[in-house]
Structure formats: structure tokens, C-alpha cells
Amino acid sequence: ALSYKEIWHSPVGGWRNAALGDFTNDGDDEIVAISESDTDFQLIIYDPVITSGEVDPGNGFGNLYWKVLYQTSLPGKPYLILTGEFDPDKPGQEIAYVYEPPEAGGAVRNSQVVILTQTNTPVDGTAWTTLGEMFNDDVWTDIASGDLEVTGIDDVALIDEDRSKLSVYRFVNN
């Protein structure tokens, strides 16, 4: 039988969605999560297993030490997040997230998809910039990524449940 035990939990709450990805190119995954409060929307990357270098003794969980690699405010209410290989020229994975633009205010159906890529060389999960973005009038409720045509670049599948719509997009770096 399968058993389980909690090995780590975040120091704060308000989480809406999370994904795992190797953002430090060290072979183990980090955690990227999106949160919301009444006035603040955040994207945070945690490295839940620090095995070398300096550690903050207050950032321990059992025998594991963790740190925040990256934290930024988002421009609107976040819905979804995932990781994938959207920039094969950079080691490590990229991040895609979906949010409601503030100008929508819930009155108009729309969402924005943003792909983030790292700016540091070598990659370490601490510095990110927008690789690309897509705005449309769908409200995406589910997201997945994978390399559908074996090109080395992941595609993004999105579902708008209210419209019973499934769409797949390939983000091309111009």
C-alpha cells in the first residue's frame, strides 16, 4: 500500500495553484505557486530542499531547509500555473501562468497567458522576464503542457469549461 508523509509546507497561505519544475537545472524540482488575497496577487518560487550553501535556520522543516528563489506581484487575479520547455535555448524549465487582467474586472470574459523565462546564466531560478503572452476572450479553467509534435518545445493545452472549449497553442519565439 502507498503511504505518505508531509515533507514540507509553505510558510504563508492564500495559494490558488502550484506546479513543479527544475528552475535551477540541478536535477531536482522547485515549487512555483500563485496566490491571491483581497489586494495582492503573487507568484513565488520555493526551493524546498537546500543541500549546499548558506541556509536560514528559521527556514527549516524537519531536516530540510528551504528558501524563496523568486517572488513577484502579478497584475491581476491568477487562475492557473504550469511549467514546461518553452525556450529550448535556456536550460531549466519555463513558467506559464494565466490571470484575469485588471481591466476585465469580472465584467468581461477574458484572460491572459504569460510565459516567463530566466535571465540569469547559469540559470538559478532567481531572475525572470516575459518570453511571450497571449490575450483572448476565453476564461481558461485548466491547463497542461507537453511536446505534441516532438519539436523540443512544449505546447500549451487550455480548457474553457463554460464554453466547452479545448485549445492547443504553440508559443513561437519571434
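The values are calculated or read from the model by the stated rules, or taken from the named source; none is laboratory data. Model, not experiment: these values are computed from the prediction. Neighbour counts run over all protein chains shown; Cβ positions are idealised from the backbone, glycine included. We work out accessible area using only protein heavy atoms, side chains counted, and drop any ligands, DNA or RNA first. Shrake-Rupley method; radii C 1.70, N 1.55, O 1.52, S 1.80 Å.
In this calculation the C-beta distance from ARG170 to THR72 is compared with R0 = 25 Å, giving a FRET efficiency of 0.45. Ligands, DNA and RNA left out, the 1.4 Å accessible surface of segment 1-97 is 48% carbon and sulfur atoms. Segment 43-83 and segment 1-30 have Cα centres separated by 9 Å. Modelled spin-label separation between ASN25 and ASN59, with each label point placed 7 Å from Cα along the Cα-to-Cβ direction: 2.1 nm.
Summarising the label geometry, the points placed 7 Å from Cα in the beta-carbon direction at ASN110 and THR130 lie 1.3 nm from one another.
Exactly which GluC sites (Glu not before Pro) in segment 63-160 are in a DSSP loop and have at most 15 other Cβ atoms within 10 Å?
On the way: sites: GLU85, GLU94, GLU103, GLU133, GLU149; in loops: GLU85, GLU103, GLU149.
Filter output for segment 63-160: GLU103, GLU149.
Could you order peptides 6-12, 140-146 by the average number of other Cβ atoms within 10 Å of their residues, highest first? Walk me through the numbers before you get to the answer.
Values: 6-12: 11.1, 140-146: 17.0.
Ranked by mean Cβ neighbours within 10 Å, highest first: 140-146, 6-12.
I need the Kirkwood Rh of segment 95-174: take the reciprocal of the average 1/r across all distinct C-alpha pairs and report it in angstrom. Over segment 95-174, the inverse of the mean reciprocal pair distance is 14.0 Å. Each other residue within a Cβ distance under 13 Å of ASN17 adds +1 if Lys or Arg and -1 if Asp or Glu, for a net charge of 0. Across the options ALA1, SER111, VAL12, the greatest Cα extent toward the positive end of the charge dipole of the chain (unit charges at beta carbon of Lys, Arg, Asp, Glu) belongs to VAL12. The distance between label points at SER3 and ASP137 comes to 5.6 nm (points 7 Å beyond Cα on the Cα→Cβ vector).
Work the Kirkwood hydrodynamic radius out for the chain: mean of 1/r over every pair of different alpha-carbon atoms, inverted, in Å.
Taking the inverse mean of 1/r over all distinct Cα pairs, the chain comes out at 17.2 Å.
The relative contact order of segment 54-174 comes to 19 percent, based on Cα pairs under 8 Å that sit 6 or more residues apart.
Tell me the per residue accessible area of the chain using a 1.4 Å probe; a whole number in Å² is fine. Write down the numbers at each step before the final one.
On the way: 9620 Å² over 174 residues.
Counting only protein heavy atoms, the per-residue value for the chain is 55 Å².
Using a simple charge model, +1 on the beta-carbon of Lys and Arg, -1 on the beta-carbon of Asp and Glu, nothing else, what dipole does the chain show about its Cα centre, in debye to the nearest 20?
Values: 9 positive and 30 negative charges, 58 e Å.
So the dipole magnitude of the chain works out to roughly 280 debye.
As an exercise, use a Förster radius of 25 Å and the Cβ-Cβ distance of TRP15 and THR51 to find the FRET efficiency, rounded to the nearest 0.05. That gives a FRET efficiency of 0.50. Residues whose amide H falls under 5 Å from that of PHE41, counting only those 5 or more places apart or on a different chain, are LEU74, with hydrogens built in the peptide plane. Taking trypsin sites (Lys or Arg not before Pro) as exposed when their DSSP state is a loop state and no more than 15 other Cβ atoms lie within 10 Å, the longest site-free interval of the chain runs over 6-108.
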